[in-house]
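Comments concern the structure below.
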Amino acid sequence: MGIALPLGISFITFSLISMMVDFSRSSVKKINHSDIGLYISFFPHLIAGPILRTREVVPQFKSIHVSWWNFVYNLPLFAVGMVKKVLIADPIGGYIAPVFSDPLSHGFWDLFISSLGFSIQIYCDFSAYSDMAIAIAGMFGVCFPENFRSPYLSFSLSEMWKRWHMTLSFWLRDYLFVPLVRYFGKGLVYLPILITMLVSGLWHGANWNFIIWGGLQGIIMVIDNYIGFGKFVKKYAYTKVFFIVINFFVWSFLAILFRSASASSAWDYYQSMLSFNIEAFSPDNMFVLLLVLITLSVHYFDNVNFIREQAAKVPALLSVPVLISVIVGCSLVAAQHPESFYYFDF
């Protein structure tokens with residue numbers, strides 16, 4: 001119908017729903033209108049989250065302040081976000097875009113590495129935005145919730161969703177999954193998982209590829225819970241590394257649905273990749289694979305508190321000029337080939 005939707009409508013909608021539900025459940029029946037306005041419009045999270053909760057954020061508004069310590073403490077996190085976005089996510093995005101646009105004209109290596117590359121792109125892109133939002137809010141003395149916690153170190157999709165886009169995962173848990181569990185009771189214990197993941201897919205877009213993506217995630221998580229896979233891995237800890245690798249490949253394989261423009265385009269991608277038309281390994285393949293391996297090798301340390309606390313050990317007179325130089329350098333690189341954040345589409 002050609003009707004334009006407001007920027008950030010999904011995140012604002014989720015924030016408002018949580019505000020109304022929390023307010024209805026709370027014994028406190030008064031809230032300042034300026035707090036509501038600031039909760040909705042606080043600019044660091046406005047376009048792509050993290051999804052905020054009133055009980056966590058609104059009480060902090062009374063103590064908003066800018067200080068040198070807040071700036072120094074959060075600047076490293078902002079710089080890391082810039083590096084992830086500009087030096088990792090954007091180059092990979094430029095490589096995979098033509099592959100996903102026309103998968104039938106590419107061979108196995110292009111398709112396989114693009115599927116791995118997209119997993120790294122979307123993580124580095126979205127976690128970069130989250131890092132920068134958390135950092136900017138922190139500079140104002142406001143603590144935003146962590147949104148990612150090394151998700152690619154998960155050994156199952158069930159664990160992945162406890163580490164990936166955590167503010168969305170916990171929102172779906174608290175406002176959808178838990179009420180569904182209460183509603184269905186012990187009779188249909190696995191149906192809430194499937195419904196929650198279908199809604200997660202639908203939230204990303206009213207396309208069949210997102211719905212199928214969410215449904216497949218849900219089915220795998222149901223099987224995971226039914227067979228007690230998490231308990232098995234914890235009992236036999238030596239298998240964990242193996243299943244972490246397998247889980248990353250499963251996630252990347254399903255992410256093809258997420259990245260494709262439609263379900264038919266995703267089908268073309270799977271069909272072309274699984275035909276195993278092996279072509280020569282190109283320098284571009286090697287470059288993207290190298291970025292994937294570098295990101296995964298330091299993934300354990302990509303933690304909000306770890307980054308800030310380790311950087312705080314460096315004297316500010318040394319760290320601040322270096323970090324500002326990194327930010328300015330990344331800005332200049334980004335200005336040459338400007339790319340929006342991938343999650344701005346949702």
W203 being out of contact with any strand residue (DSSP E or B) (no Cβ under 8 Å at 6 or more places or on another chain) and either of a type in the set (K, R) or in contact (Cβ under 8 Å) with a residue 24 or more places away in the chain (or both): yes
Top-ranked residue in segment 254-264 [being hydroxyl-bearing (S, T, Y) and surrounded by fewer than 19 Cβ atoms within 10 Å (Cβ to Cβ); ranked as nearest to H204 (Cα to Cα)]: S262
Flag for G117 being more than 11 Å from the chain's Cα centre (by Cα) and on the phi > 0 side of the Ramachandran plot: no
Residue match in segment 278-293 (condition: free of Cβ contacts under 8 Å to residues at least 60 places away in the same chain, under 30 Å from I136 (Cα atoms) and under 21 Å from the mean Cα position of the chain (by Cα)): yes
Filter result (modelled with pLDDT under 75 and either outside any loop (DSSP other than H, G, I, E, B) or surrounded by 10 or more Cβ atoms within 10 Å (Cβ to Cβ) (or both)) within segment 1-39: L7, G8, I9, S10, F11, S26, I31
Among the candidates I92, I47, I122, I64, residue that is of a type in the set (V, I, T), crowded, with 22+ Cβ neighbours inside 10 Å and touching a residue at least 40 places away in the same chain (Cβ under 8 Å): I92
Failed condition for E146, given (1) touching a residue at least 40 places away in the same chain (Cβ under 8 Å); (2) open to solvent by less than 60 Å² (accessible area, probe 1.4 Å); (3) farther than 30 Å from L75 by Cβ; (4) not small (G, A, S): (3)
Meets criteria (modelled with pLDDT under 90 and surrounded by fewer than 18 Cβ atoms within 10 Å (Cβ to Cβ)) for F281: yes
Failed item, numbered, when L318 is tested on (1) free of Cβ contacts under 8 Å to residues at least 24 places away in the same chain; (2) open to solvent by 50 Å² or more (accessible area, probe 1.4 Å); (3) in a helix (DSSP H, G or I); (4) more than 20 Å from N70 (Cα to Cα): (4)
Test: residue in segment 107-114 that is more than 29 Å from S319 (Cα to Cα), out of contact with any helix residue (DSSP H, G or I) (no Cβ under 6 Å at 6 or more places or on another chain) and open to solvent by less than 20 Å² (accessible area, probe 1.4 Å): yes
Options S63, S101, S67; residue that is at pLDDT below 95 and closer than 28 Å to H337 by Cα: S101
Any hit, segment 308-321, residues being of a type in the set (S, T, Y) and at pLDDT below 90: no
Lone qualifier among F243, F248, F184 - being at pLDDT 90 or above, more than 22 Å from A89 (Cβ to Cβ) and either open to solvent by less than 70 Å² (accessible area, probe 1.4 Å) or over 25 Å from the mean Cα position of the chain (by Cα) (or both): F243
Test: residue in segment 323-345 that is among the acidic types (D, E) and loosely packed, with under 11 Cβ neighbours inside 10 Å: yes
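The values are calculated or read from the model by the stated rules, or taken from the named source; none is laboratory data. The structure displayed is predicted, hence computed values, not measured ones. Neighbour counts run over all protein chains shown; Cβ positions are idealised from the backbone, glycine included. When the accessible area is computed, the model is the full protein with side chains, heavy atoms only, and any ligands, DNA or RNA have been set aside. Shrake-Rupley method; radii C 1.70, N 1.55, O 1.52, S 1.80 Å.
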